[in-house]
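The values are calculated or read from the model by the stated rules, or taken from the named source; none is laboratory data. Worth saying up front: this structure is predicted, and the values here are computed from it rather than measured. All Cβ positions, even for glycine, are placed from backbone atoms using ideal geometry, and neighbour counts span all protein chains on display. Just so you know, the surface numbers come from the protein's heavy atoms only, side chains and all, with ligands and any DNA or RNA stripped out. Shrake-Rupley method; radii C 1.70, N 1.55, O 1.52, S 1.80 Å.
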Amino acid sequence: MKIKHLLITNISLFTLFSGPLQAQNSSFPTIINNNNSPFQQKLIDWGFSISNCDGNVVSIRDLNTQEIACVEPNQQISSGNYVYDRVTNQIRPDTNVDSDTANVSQTNTRGASQNIEEVVTEGYVNPNPSNADPRIADVVIDFVDIYGYNNCLDALLLLYEGRNPVGDNSCLQNVKEVFGNQISRDVMLELVDIANVRATSLLPMELYPAYGIRRRVAQSVGYVYEIDVDNPEMIRLAQSSGRN
């Protein structure tokens, strides 16, 4: 009889202590998936930190696959909704989400298969590359301040002009790794536009190149920045750049 009593007591104690433990562990566990998709891995390679799509995060949609990945905001990009365009290698605000910025984004970006000109001002339109080079998607433009922006464009202009720039400018090195020591007018236009989108949409503070750099860009490839749309000299230089 004593053994039976002890057995009943032990069963009661087991029920008493195991019940709450099972209740605590009954909620669905958080699943950590270490198998990043190719798009997520690309974002990691660029220095972004993958995050859950909750709260104030950066949500990026791949226009090619429609995959959405979320990363933590940093000094280069603030929280919000963005799209990644593989053709132009641009991460830019998602105009389908923020209708207030749709017109500005349409001015600064191009469709992958369209051959149209972008409206910059009533009297002048920026030239559009006649041929899209798919290698442009492999170029990384990584400046974070006005100093790096000016150095990047200066080096690219020298490369375009065939003047063999040298130095450890990461912007120049990234472009040379993809295109070698020579770039076409179409590629230069793409690079200028990619850099402009980065400087005006993806950094904490809107940036424009130094006046002298902007003059060289207008004279070389006929590209006019928004800040110069009312500058007659800049328009004249762009119009005389020899664009078709």
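Residues in segment 201-211 that are more than 16 Å from Ala155 (Cβ to Cβ) and open to solvent by 30 Å² or more (accessible area, probe 1.4 Å) were compared, and the one that is nearest to the chain's Cα centre (by Cα) is Ser201. Taken over segment 38-55, the criterion of being assigned to a helix (DSSP H, G or I) and either closer than 11 Å to Val71 by Cα or among the hydroxyl-bearing types (Ser, Thr, Tyr) (or both) is satisfied by Gln40, Leu43, Ile44. The set of residues in segment 102-131 that are surrounded by 15 or more Cβ atoms within 10 Å (Cβ to Cβ) and at pLDDT 85 or above comprises Tyr124, Val125, Asn126, Pro127, Asn128, Pro129.
The residue that is most open to solvent (accessible area, probe 1.4 Å), among those in segment 63-84 that are under 16 Å from Glu206 (Cβ atoms) and part of a loop (DSSP other than H, G, I, E, B), is Gln75.
Just wondering, is there one or more residues in segment 166-179 that are small (Gly, Ala, Ser) and closer than 29 Å to Gly47 by Cα? For segment 166-179, residues small (Gly, Ala, Ser) and closer than 29 Å to Gly47 by Cα: present. Evaluating Ile141 against the criteria (1) surrounded by 18 or more Cβ atoms within 10 Å (Cβ to Cβ); (2) part of a helix (DSSP H, G or I); (3) touching a Lys or Arg at 6+ places or on another chain (Cβ under 6 Å) leaves one unmet condition, (2). Out of Arg135, Arg198, Arg214, which single residue is open to solvent by 60 Å² or more (accessible area, probe 1.4 Å) and among the charged types (D, E, K, R)? Exactly one of Arg135, Arg198, Arg214 is open to solvent by 60 Å² or more (accessible area, probe 1.4 Å) and among the charged types (D, E, K, R), namely Arg135. Reported count of residues in segment 214-244, each being under 23 Å from the mean Cα position of the chain (by Cα) and either closer than 21 Å to Gln173 by Cβ or not in a helix (DSSP H, G or I) (or both), is 4.
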